[in-house]
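Below: one structure, written as structure tokens.
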Amino acid sequence: METLPIDPLLSGAYGYGKVNLWCSGYNSLYPTVPANAGNMGHIYVEAALEGIRGKKVMRALVDTGATYTVIDKMVAEEIGVVHTPWREDVQLADGQGVEAEIALARVRILDRAFTVKVLVMKAPEPLIGVDTLESLGLRVDPTTGRIEHSRGFLARV
């Protein structure tokens, strides 16, 4: 089974505030991706984002304190996200309110892929939120610093 590398954040905050780790339990039957748990809970994952023009594999911060996945406009244009007519006011972890475009993209992490809502806005790096993790049936285990399967994978409706 494919596993992808995760690297810890080596320095500083990137505008999203602290990563608040969440875990719904641990099940060692599912494959995991190791991270360095010694670096304050910051976890990066290799994620492939796909749109109508192409695919881009990138290193993204996993933030279980964030609801949605965030990408910047340059990445959105490069891969060709599916644009919607909506923009929403969202609140960053530091309390600042910003407007974000709502779009759709296919996200692959580990061996799972699903089309998810992404926010297109100014961002220093891609961010994976809990909506994407839950859609993919993935979770963060804060005791091991691993991204792992949380359930079998079929889209839930």
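Converting phi to 3J(HN,Hα) with the Karplus coefficients 6.51, -1.76 and 1.60 and the offset θ = phi - 60°, segment 123-133 yields 8, x, 6, x, 10, 9, x, 5, 4, 5, 4 Hz in sequence order, with x at every glycine or proline. Take every pair of alpha-carbon atoms less than 8 Å apart whose residues are at least six positions apart; their mean separation over the length of segment 35-157 yields a relative contact order of 28 percent. For LYS55, a cut-off of 12 angstrom between C-alpha atoms picks up these aspartates and glutamates, skipping any fewer than 8 places away in its own chain: GLU77, GLU78.
Take the Cα of GLN91, go 7 Å toward its beta carbon, and the backbone nitrogen atoms of segment 53-67 under 20 Å from that spot belong to 63-67.
With a 10 Å radius around each residue's Cβ, average the other Cβ atoms per peptide and rank 101-113, 79-91, highest first.
Numbers: 101-113: 18.4, 79-91: 13.6.
Put in order of decreasing packing, that is 101-113, 79-91.
Amide H to amide H, with H built 1.01 Å from N, TYR44 comes under 5 Å of ASP7, LEU9, VAL62, counting only residues 5 or more places away or on other chains. Accessible area of LYS56 (1.4 Å probe, protein heavy atoms only, ligands and nucleic acids ignored): about 60 Å².
The values are calculated or read from the model by the stated rules, or taken from the named source; none is laboratory data. These figures come from a predicted structure and were not determined experimentally. Don't worry about glycine lacking a Cβ; one is built from the backbone with ideal geometry, like all the others, and counts go over all protein chains shown. Quick note on the areas: whole protein, heavy atoms, side chains included, nothing else; ligands and nucleic acids left out. Shrake-Rupley method; radii C 1.70, N 1.55, O 1.52, S 1.80 Å.
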